[in-house]
Structures are given as C-alpha cells and as structure tokens.
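To start, the structure itself, in structure tokens.
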Amino acid sequence: DVKVTQSSRYLVKRTGEKVFLECVQDMDHENMFWYRQDPGLGLRLIYFSYDVKMKEKGDIPEGYSVSREKKERFSLILESASTNQTSMYLCASRWQGQQPQHFGDGTRLSIL
Amino acid sequence: QKEVEQNSGPLSVPEGAIASLNCTYSDRGSQSFFWYRQYSGKSPELIMFIYSNGDKEDGRFTAQLNKASQYVSLLIRDSQPSDSATYLCAVNPIGSGNTPLVFGKGTRLSVIA
C-alpha cells in the first residue's frame, strides 16, 4: 500500500510565523502535490512537483513556497503565516501515467 | 480551464437503496477517472478508478464511464449509513503522467437508517 505521511495532524501557529509542513511518500512517486481544502471551496492546488528540485504553481500559490530536495519529501512553506491560511492542508503523491493520487491524512493548521 | 462538475447535494437515500452520484468533465481528451470518498475531517480515499467506456464493478460499487457524453458516475448498491460521506470525482485531463488530477467539489451523500 502507498503511504503518504504528513508530519502533523494538528498545528497551531501565530500570525507572521514561518510555517513548515512536511510530507513523505514511500512509493518512489515522481509527482507530489499540496492542496488546501476549505468548506464549500473543494480541493485547491497550491503547488506540485514532478521531479526533485522541480516545482510548478497551482491555482493558489500566493503566500506559499515549496521545496523538494529529495524524491520522497515535499515541503510546503508558509513564509509569513496569516489568519486566512487557516485550513486543512493535504499532501498527495502519484506515479506517472494513468495512476491515481494518494493522499496523506492531512494537517489541520490554525493561524492565530 | 478544465472543469469537473458535481452536484453538491446533499443526496439523501434510505438504507439499502442504490445511491447514484454523477460527474461531468469538460476536457474531451481525458483518459482516466477516479472516485474518492472523504469522511468529515478526514482525507480523500480512493475507492474506484475507470479508464474505458462502460461499467466497472467492485463489490457494492460500480463506476460507469461515457466518454462521448463526458460523464462518469458512481453507483453504490445496498447503501449503508457508513457510506455517508462526500464523494469526489477526479479526472486526469490530458492523459499526461505529470499533470495534477482535476477534482470536482464533491457530492455529499447521506444514507438514512
């Protein structure tokens, strides 16, 4: 079974802090993704990566950055956290081709 | 803009009935289609995928694909209260290996005991 592990299930941070969300997958997938999910808005893609050190902006990249130094690890960075970044953050990974995405358990992030 | 449309619901069905969830997509070149189940407060979980026109059955679940009409559906037979969740439809828009799936916003299903 594919395992996508997010470092924290719940996280509380303060406005202006730099926040790191970590994601690790164990299936040698090329592609990794970060989403946020808010009630009524569905899944919104923040950034994705199709290879080490490669990154592509998704639909809502403002206020976020990412890092992929190793194939198995994809980090999401909130440069200066704001209250409107309070959300559920979901990491996913996918092999290439027609394969599905597999999600981690999610991190519920609260910015106070 | 590639889009995947789902009725947000809630769709309410009695226990034991068939629940029918529908999804339409805009990109005619789409080649693979997925259904995810998401319980409240949890992450999406893959339950079905389909690549070819027609039906694909897995236990109580049947995925149906009609590429000419650009819709994909999920049937849940003998619905149980534990099936109450939001169901997300996802589409691989161009068959490429490295593009993100496009997700609908989901249909909330409520199975009434």
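The values are calculated or read from the model by the stated rules, or taken from the named source; none is laboratory data. Computed from a predicted structure; not experimentally measured. Backbone-built Cβ (ideal geometry, glycine too); neighbour counts: all protein chains shown. Surface accessibility is based on the protein's heavy atoms, side chains included, excluding ligands, DNA and RNA. Shrake-Rupley method; radii C 1.70, N 1.55, O 1.52, S 1.80 Å.
Taken residue by residue, the stretch A:100-108 has no member that is facing chain B (nearest Cβ under 9 Å), modelled with pLDDT under 95, in contact with a Phe, Trp or Tyr (Cβ under 8 Å, 6 or more places away or on another chain) and assigned to a strand (DSSP E or B). Going through (1) open to solvent by less than 60 Å² (accessible area, probe 1.4 Å); (2) within 13 Å of another protein chain (Cβ to nearest Cβ); (3) touching a residue at least 60 places away in the same chain (Cβ under 8 Å); (4) not basic (Lys, Arg) one by one, B:GLN31 falls short only on (1). The number of residues in the stretch B:58-109 that are touching a residue at least 40 places away in the same chain (Cβ under 8 Å) and in contact with a helix residue (DSSP H, G or I) (Cβ under 9 Å, 6 or more places away or on another chain) comes to 2. Each residue in the stretch B:34-59 was checked for being at pLDDT 95 or above, more than 11 Å from chain A (Cβ to nearest Cβ), touching a strand residue (DSSP E or B) at 6+ places or on another chain (Cβ under 6 Å) and not in a strand (DSSP E or B), and 1 of them qualify.
Could you grab me the full set of residues in the stretch A:86-99 that are more than 7 Å from chain B (Cβ to nearest Cβ), free of Cβ contacts under 8 Å to residues at least 60 places away in the same chain and in contact with a strand residue (DSSP E or B) (Cβ under 6 Å, 6 or more places away or on another chain)? If the condition is that a residue be more than 7 Å from chain B (Cβ to nearest Cβ), free of Cβ contacts under 8 Å to residues at least 60 places away in the same chain and in contact with a strand residue (DSSP E or B) (Cβ under 6 Å, 6 or more places away or on another chain), then A:THR86, A:SER87, A:MET88 are the ones that fit. Taking into account only those residues within the stretch A:45-59 that are facing another protein chain (nearest Cβ under 9 Å) and in a strand (DSSP E or B), which is nearest to B:ALA90 (Cα to Cα)? Ranking the candidates gives A:LEU45 first. Pairs linking a residue in the stretch A:5-25 that is within 15 Å of A:GLY63 (Cα to Cα) to a residue that is open to solvent by less than 50 Å² (accessible area, probe 1.4 Å) and among the basic types (Lys, Arg), with Cβ atoms under 8 Å and 6 or more positions apart or on different chains, do not occur.
Can you name the residue in the stretch A:28-44 that is surrounded by 14 or more Cβ atoms within 10 Å (Cβ to Cβ) and over 13 Å from the mean Cα position of the chain (by Cα) and, of all such residues, is farthest from the other protein chains (Cβ to nearest Cβ)?
Of all residues in the stretch A:28-44, those surrounded by 14 or more Cβ atoms within 10 Å (Cβ to Cβ) come to A:29-37, A:42-44.
Of the ones still in play, those that are also over 13 Å from the mean Cα position of the chain (by Cα) are A:29-30, A:42.
Details: A:HIS29: 11, A:GLU30: 7, A:GLY42: 4 Å.
Within the stretch A:28-44, the match that is farthest from the other protein chains (Cβ to nearest Cβ) is A:HIS29.
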